[in-house]
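K.L.:
Got a structure for you, questions after.
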Amino acid sequence: MGITKRFREITALREIDLQISNGEYVTVLGSTGAGKTTLLHIISGILKPDSGKIYIEGKLVNDIPPEERYISYFPQNYALFPHMTVIENVAYGPNIRGVDEAHNIALKVLELVGLEKRADSYPRELSGGMQQRIALARAMATGSKLLLLDEPLSALDAILRIELRYELRKMAEELNLTVVHVTHDQAEAMSVSDKIVVLRSGVIEQFDTPFEIYEKPQNIFVSNFVGEMNFYEGIVIGENEIGNIVEVGGKSISVGKKLDIQDVVISIRPENLGIVKGRKGDGNWIQGTVRWVSLSSGFLLFNVDLFNDREALVKRFSPSMKEEISVNDVVSVYFDPDKILVYPYPREGLHKALEVS
Ligand SMILES: Nc1ncnc2c1ncn2[C@@H]1O[C@H](COP(=O)(O)OP(=O)(O)O)[C@@H](O)[C@H]1O
Ligand SMILES: [Mg+2]
C-alpha cells in the first residue's frame, strides 16, 4: 500500500496500491523502465521502499528479510546450475529449505513439464526450450506459495514462448501458487492472467481482468497500450436521443454517451469498425479510400484514408467479408456508437498521453 521507491532523482514507483489474492495469477505489464523489476524487488524484500507498507497474508513484512518472507523470486535470465543434473537443479530449492521430500517434489514438477525422463541429464545436453522449462520447474518447486517471475519467457523464440505461457499457467494452478509475472508482452499478459497491472513510469494505470482492460480501458494510455486502437480528436457539438455528437475533422459522429466535457478523444478498436464498399448515407458512416489491405492470421486489415482527413484501421474476420475490397476502392466506415470510447482530451496533448514514459 502506498509504495514509493526512488533512485536519486528517478521515482521508480509512485504510491503503488496493489492487492493480490491467494491463488491469483497476476501479470505486471509495462515497457522497459516502467518499474516492474523494482516492484518485484520490493515484494521480495531485496529492496526496501522509501514509503508504504507491504503485507503478506495480512502480516506487515517491511522489516522482514527476504529469506523469511517465503517468496520465490526468479530474476530475469536466471540460469540452471551447469554442474548439477536436471533433478538436482529442480530439487535445489526444496533441499535448501530442508524439505525431506525434495526429490519427490522435484519429480512431480518435472512431470508437469513433461521432462521427468530427462531427470539425470545435465543442462548442456538439453535444448534451450527444455532448459527453460526446467528453469520454470525449479521456480515452481521451491515450496513457496508466492512466486515472482521477472520476464520468464522473454529469452525464448515466439513459438516456444506461446507454448510455455500455458504451461506456466497450468503449473501454477496445479500447485496452487500465487504468481506475480512481469512482462512487457501484452499478448502474454492477456493470455495467462487473472488480472493485469498496467504499469507506466512507476504508476499503476489500471489493475483489472484482461477482459476489462481490453473492453474498458480506463484511460487513453491503457487503450493504446493493450491491443490496437483508432484515436480521433474531437469537439462535442450537440446531442441527440442516444448521447452527444462529436465533430471530427468536419464530420459528425454520434457517440452514444452523454458527455460533460467539450474537448474529447474518441477511440474505437479496428475490429469494431464496419466497412462496406461504396458510399453510405450519414449516421456514423464516414467515407474514405482504401490505402492498403493486408491479411494477418485469418483477419483482413484495411487502412482507410477517410474523407475528413483522418485515417482508420479496420479489422475484419476474413471469411465473414461478403465482398472483396481492394486498394483504391471508395468505402464507407461505420462507427458503432456503442463501441466508441470517449476520453477527455488530455491536457498534455494526445501524443504525450500515449507515450510509454
Ligand atoms: N539500482 C538502481 N539505481 C538507479 N536507478 C535504478 C535502479 N534500478 C532501477 N532504476 C531505475 O528505475 C526505473 C525502473 O527500473 P526497473 O524497475 O528496472 O524497470 P523495468 O523492470 O520495468 O524495466 C528505471 O528508470 C531505472 O533506470
Ligand atoms: Mg526489468
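K.L.:
Taking segment 201-232, which residues are part of a strand (DSSP E or B) and either among the small types (Gly, Ala, Ser) or crowded, with 17+ Cβ neighbours inside 10 Å (or both)? Spell out how you get there, then give the answer.
P.N.:
Residues of segment 201-232 that are part of a strand (DSSP E or B), as a first pass: 203-208, 230-232.
Hits for segment 201-232 are 204, 205, 206, 207, 208, 230, 231, 232.
K.L.:
Of 133, 138, 165, which residue is among the basic types (Lys, Arg), away from ligand 2 (no atom under 16 Å from the Cβ) and within 18 Å of the chain's Cα centre (by Cα)?
P.N.:
165
K.L.:
Of (1) part of a helix (DSSP H, G or I); (2) under 18 Å from residue 195 (Cβ atoms); (3) away from ligand 2 (no atom under 16 Å from the Cβ), residue 90 satisfies all except one. Which?
P.N.:
(2)
K.L.:
Restricting to segment 136-164, name every residue that is surrounded by 22 or more Cβ atoms within 10 Å (Cβ to Cβ) and part of a helix (DSSP H, G or I).
P.N.:
136, 137, 138, 139, 140 - these are the residues of segment 136-164 that are surrounded by 22 or more Cβ atoms within 10 Å (Cβ to Cβ) and part of a helix (DSSP H, G or I).
K.L.:
How many of the residues in segment 257-274 are closer than 24 Å to residue 348 by Cβ and not aliphatic (A, V, I, L, M)? Please lay out each step first, then the result.
P.N.:
Taking segment 257-274 and keeping what is closer than 24 Å to residue 348 by Cβ, we get 257, 259-269.
With the extra rule that they be not aliphatic (A, V, I, L, M), the set shrinks to 257, 260, 262-263, 267, 269.
Final tally of qualifying residues: 6.
K.L.:
So for segment 108-124 (the condition being surrounded by 14 or more Cβ atoms within 10 Å (Cβ to Cβ) and either among the aromatic types (Phe, Trp, Tyr) or touching a strand residue (DSSP E or B) at 6+ places or on another chain (Cβ under 9 Å) (or both)), does at least one residue qualify?
P.N.:
Within segment 108-124, the first condition is being surrounded by 14 or more Cβ atoms within 10 Å (Cβ to Cβ), and the residues that meet it are 108-110, 112-113, 115-116, 118-119, 121-123.
Okay, now just the ones that are also either among the aromatic types (Phe, Trp, Tyr) or touching a strand residue (DSSP E or B) at 6+ places or on another chain (Cβ under 9 Å) (or both), so 122.
Yes, there is a match, as at least one residue in segment 108-124 is surrounded by 14 or more Cβ atoms within 10 Å (Cβ to Cβ) and either among the aromatic types (Phe, Trp, Tyr) or touching a strand residue (DSSP E or B) at 6+ places or on another chain (Cβ under 9 Å) (or both).
K.L.:
Test residue 44 against the criterion of being polar (S, T, N, Q), within 16 Å of ligand 2 (Cβ to nearest atom), closer than 28 Å to residue 170 by Cβ and surrounded by fewer than 16 Cβ atoms within 10 Å (Cβ to Cβ), and give yes or no. Can you show your working first?
P.N.:
Values: polar (S, T, N, Q): yes; within 16 Å of ligand 2 (Cβ to nearest atom): yes; closer than 28 Å to residue 170 by Cβ: yes; surrounded by fewer than 16 Cβ atoms within 10 Å (Cβ to Cβ): no.
Taking the combined requirement at face value, the residue does not satisfy it.
K.L.:
Right, another one. For segment 7-37, give me the residue count where each residue is outside any loop (DSSP other than H, G, I, E, B) and at pLDDT below 95.
P.N.:
Applying the first criterion (outside any loop (DSSP other than H, G, I, E, B)) to segment 7-37 yields 7, 10-16, 25-29, 36-37.
From what's left, at pLDDT below 95: 7, 10-16.
Total satisfying the criteria: 8.
The values are calculated or read from the model by the stated rules, or taken from the named source; none is laboratory data. These numbers were taken from a predicted model, which means no experiment stands behind them. Note: ideal-geometry Cβ built from the backbone for every residue, glycine included; neighbour counts use all protein chains shown.
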